[in-house]
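The values are calculated or read from the model by the stated rules, or taken from the named source; none is laboratory data. Given the structure is predicted, the values throughout are model-derived calculations rather than measurements. Methodologically, a virtual Cβ is constructed for each residue, glycine included, from the backbone with ideal geometry; neighbour enumeration extends over all protein chains shown. Areas reflect the complete protein model, heavy atoms only, side chains present, ligands, DNA and RNA absent. Shrake-Rupley method; radii C 1.70, N 1.55, O 1.52, S 1.80 Å.
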Amino acid sequence: MLRLEVCFLHRKDWLRPGLSFTLSWSWGGEPTASIGVFTNPDSIRLMYGTKDGEHVDELVDLDRTPCNYGGTRTWFLCPRCGRRVGVLFAGRRFWCRHCHGIAYAVENEDKLSRVLRRSNKLRERVQARAGTAYPVLFKPKGMHQRTFDRIRWEIEAIEAGFWIATAERFGITL
């Protein structure tokens, strides 16, 4: 789904009142969608057309919370539920993930996918290639040998458990 992130707009300094601009999304180099954005002091107005040909003019309120060391953080208020969120997702309307019923990707993972993700995260720490087919051989420069050995042993244990679980899933006896 298309995402509209308040931190992206803030970083680009596009939340200043009185601005108008067009945001575009593309996939594989091909344009997929665009919306017109108009900023006000405490809201932004989104204007776009849906695939059904419906023209949408939607007002999204902004909320600001103080940061610990000064300044403020800007949030969207979901037009449907009023929840303070950092990202709005496009469906027929730009709403939060709760209103659209969108789950995080990890919420749909099975046990084996979680194990592989954990293994690849550890491999990233030791600068090794992702995937169980590649051995972890070389310690990254600046890492203590004991830390490298601990991470490598953890990767080996995780991946051994992965292969045992995979064999069980397919009815292979070891």
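Quick notes on this structure:
- As a summary of the residue check, Glu168 satisfies the conditions (1) under 29 Å from the mean Cα position of the chain (by Cα); (2) more than 30 Å from Ile44 (Cβ to Cβ); (3) of a type in the set (Asp, Glu); (4) surrounded by fewer than 13 Cβ atoms within 10 Å (Cβ to Cβ) except for the one numbered (1).
- The residue of segment 94-118 that is farthest from Val6 (Cα to Cα), among those that are of a type in the set (D, E, K, R) and in a helix (DSSP H, G or I), is Lys111.
- Scan of segment 134-174 for residues that are free of Cβ contacts under 8 Å to residues at least 12 places away in the same chain, aliphatic (A, V, I, L, M) and closer than 13 Å to Leu122 by Cα, ordered by number: Ala157
- Residues of segment 91-118 classified as basic (Lys, Arg), touching a residue at least 24 places away in the same chain (Cβ under 8 Å) and either open to solvent by less than 60 Å² (accessible area, probe 1.4 Å) or closer than 30 Å to Phe170 by Cα (or both), total: 2
- Filtered residue count, segment 1-60, keeping only those that are open to solvent by less than 40 Å² (accessible area, probe 1.4 Å), part of a loop (DSSP other than H, G, I, E, B) and either touching an Asp or Glu at 6+ places or on another chain (Cβ under 8 Å) or within 30 Å of Gly71 (Cα to Cα) (or both): 1
- Residue in segment 64-90 that is farthest from the chain's Cα centre (by Cα), counting only those that are open to solvent by less than 40 Å² (accessible area, probe 1.4 Å) and over 20 Å from Pro41 (Cβ atoms): Ala90
- Within segment 23-43, the residues that satisfy the criterion of being of a type outside the set (Gly, Ala, Ser) and under 19 Å from Met1 (Cβ atoms) are Leu23, Trp25, Trp27, Glu30, Pro31, Thr32, Ile35, Val37.
- Checklist (1) β-branched (Val, Ile, Thr); (2) assigned to a strand (DSSP E or B); (3) open to solvent by 100 Å² or more (accessible area, probe 1.4 Å) applied to Thr173, failing item: (2)
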